[in-house]
Amino acid sequence: MKILIIDDNQSVLRTLKLVLAPEFGQVVAMNNPKVIPALLAAGDIDAVLLDMNFDTASLDGSDGLFWLARIKELPDPPAVVMITAFGDVPLAVEAMKHGAEDFITKPWDNAQLIATLRKAIDKNREEMGRRSTLDKAERIVRREKDESRMTLDELKMNHIKRIVDQCGGNLSQASALLGINRQTLYNQLGKMKWEG
């Protein structure tokens with residue numbers, strides 16, 4: 001597992017990294033939230049531990065909420081656990097309404113922090129799996145709806161194309177799956193090219 005910690009306090013970053021590295025393997029600790037998009041681009045972060053405040057002039061939590069929103073806009077966002085000073089608990093609860101999986105207060109309990117991150121990662125993976133299943137079901141429904149409007153010849157051509165794509169363009173394998181010889185498949189593909 002890979003955890004990203006974003007907090008402007010260097011001593012907090014060092015301590016969190018020492019606590020989390022033995023439990024999660026890879027821990028990246030940064031003090032500047034502007035690096036979040038670049039660090040999340042690879043899609044290999046399981047959870048972000050995100051501070052609520054980065055600007056000492058403004059301690060209203062707007063920085064944390066801003067970056068939470070940017071993270072949750074991603075197609076497959078990691079779990080986000082907010083970390084906040086005790087007085088910011090109502091703000092952290094507000095962050096959960098906007099997509100954070102949970103929050104931790106400073107000072108934190110190490111065992112609780114680890115358990116909260118694991119639970120957040122599990123919850124996020126479960127949600128991503130559910131969303132993936134729903135997306136797949138929606139694609140099937142759309143395909144069936146589209147196919148219900150096709151003629152028999154269009155259905156046949158659509159099926160041939162799907163099998164050829166499924167076989168990565170391997171026509172021998174595709175013809176075997178379709179139960180036709182290669183010449184017949186060539187003829188059908190030529191007809192598709194001519195009509196397309």
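The values are calculated or read from the model by the stated rules, or taken from the named source; none is laboratory data. What you see is a predicted model; the values in this text were computed from it and never measured. Note that we place each Cβ from the backbone using ideal geometry, even for glycine, and neighbour counts take in every protein chain shown. With ligands, DNA and RNA removed, areas are computed over all heavy atoms of the protein, side chains included. Shrake-Rupley method; radii C 1.70, N 1.55, O 1.52, S 1.80 Å.
All of (1) closer than 30 Å to residue 9 by Cβ; (2) modelled with pLDDT of 90 or more; (3) under 22 Å from the mean Cα position of the chain (by Cα) hold for residue 126 with one exception: (1).
Would you check if residue 146 is acidic (Asp, Glu) and either modelled with pLDDT of 90 or more or more than 30 Å from residue 25 (Cα to Cα) (or both)? Yes.
Filtered by the rule that a residue be in contact with a strand residue (DSSP E or B) (Cβ under 8 Å, 6 or more places away or on another chain) and either on the phi > 0 side of the Ramachandran plot or free of Cβ contacts under 8 Å to residues at least 12 places away in the same chain (or both), segment 36-68 gives a lone residue, 61. Residue selection: residue 118 fails the criterion of being more than 30 Å from residue 27 (Cβ to Cβ) and under 28 Å from the mean Cα position of the chain (by Cα). Can you confirm whether residue 97 is open to solvent by 50 Å² or more (accessible area, probe 1.4 Å) and closer than 24 Å to residue 21 by Cβ? Criteria not met by residue 97.
Residues that are of a type in the set (A, V, I, L, M) and open to solvent by 60 Å² or more (accessible area, probe 1.4 Å) within segment 116-149 comprise 134, 140, 141, listed in sequence order.
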